[in-house]
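Below is one structure; the comments refer to it alone.
The values are calculated or read from the model by the stated rules, or taken from the named source; none is laboratory data. This one's a predicted model, so the numbers in the text were calculated from it and none came from an experiment. In this analysis, Cβ positions are derived from the backbone assuming ideal geometry, glycine residues included, and neighbour counts consider all displayed protein chains. Keep in mind that these areas ignore ligands, DNA and RNA; they rest on the heavy atoms of the full protein, side chains included. Shrake-Rupley method; radii C 1.70, N 1.55, O 1.52, S 1.80 Å.
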Amino acid sequence: MLPALNVLIRKSNKVQNSDPYQARSQILRDIFFSPKSAFESYYQKTELASRDLFLIHLNLVILAGISKFFGNLLSIFLFKISTSDEESNVSLFDGVVSVILFYVLVIVLLRLTDSFRMYHQMRDKSKDWSGPEPHVFLISFLPLTSTSIFWCLPQPIPILFLGLGFLYSLHLAYLYLSVQRSWSTRDFFFLLMKVVLFFLVFLTIPMVFYHIIRTALN
């Protein structure tokens, strides 16, 4: 049986006496302070399954909505004490849904990117029978979803941290693939180009159908 499949089976048979919350917190800390340990925690130990990884991202998505809510509350409070106007142009729920949907979309795109990488990863099949590891991008991009905590701050600070989180997450993905899979910068760059092209084609298909239907109705 392929080792990559063994990873998925081993993750589904977690040790019953382990503490999932502690394991999730540990991988979230390690991804910033010891990225190698974060990957090892997921691939070599039994405390974490793919479900736990999605729950970490989901918790961070919820945190984004809460953080944005308190950011709006702070903006309204500062507006009240700094001006004489009775009403602020900011409401408590401004941007809350948008921020949540943004991070949900990011998670979906990361899941699709991992699937694309697993089925299109360049490797010598005569020498490598293990197959690509799952969820590399979902682990690497934990710092990006962790930027959800900064939405309580005024603009453009959250956008700045979002950009830094994206660059750091991209670096982690390249670091893991270059060390574990001996990928070159060229290999990683071409993977990103293929992923971008895949998403562009994926978005173009419904747009083409939309314009065909719109033209037919007119």
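For region 127-203, list the helices (runs of 4 or more DSSP H) that sit wholly inside it and hold at least 1 residues that are within 22 Å of R24 (Cα to Cα) and open to solvent by 10 Å² or more (accessible area, probe 1.4 Å); which are they?
Per the criteria, 142-146, 157-180.
Could you count how many residues in region 198-217 are modelled with pLDDT of 80 or more, more than 15 Å from T113 (Cα to Cα) and of a type in the set (A, V, I, L, M, F, W, C)?
So the answer is 6.
For region 42-60, name all the residues that are buried (at least 19 other Cβ atoms within 10 Å of the Cβ) and either in a helix (DSSP H, G or I) or β-branched (V, I, T) (or both).
Within region 42-60, Y42, Y43, L53, I56, H57, L60 qualify.
Take I213 and tell me if it is open to solvent by 50 Å² or more (accessible area, probe 1.4 Å) and in contact with a Ser or Thr (Cβ under 6 Å, 6 or more places away or on another chain).
Against the criterion (open to solvent by 50 Å² or more (accessible area, probe 1.4 Å) and in contact with a Ser or Thr (Cβ under 6 Å, 6 or more places away or on another chain)), I213 does not qualify.
Across region 39-75, what is the number of residues that are closer than 16 Å to R111 by Cα and acidic (D, E)?
Number satisfying all stated conditions: 1.
Restricting to region 165-218, count the residues that are under 30 Å from G71 (Cα atoms) and free of Cβ contacts under 8 Å to residues at least 12 places away in the same chain.
Number of matching residues: 2.
Please find, among F79, F102, the residue that is at pLDDT 90 or above, assigned to a helix (DSSP H, G or I) and surrounded by 14 or more Cβ atoms within 10 Å (Cβ to Cβ).
Of F79, F102, the one residue that is at pLDDT 90 or above, assigned to a helix (DSSP H, G or I) and surrounded by 14 or more Cβ atoms within 10 Å (Cβ to Cβ) is F102.
Any idea which of (1) open to solvent by 30 Å² or more (accessible area, probe 1.4 Å); (2) at pLDDT below 90; (3) assigned to a helix (DSSP H, G or I) is the one R117 doesn't satisfy?
Looking at each condition in turn, R117 falls short on (1).
Has region 30-39 got at least one residue that is at pLDDT below 80 and of a type outside the set (A, V, I, L, M, F, W, C)?
no
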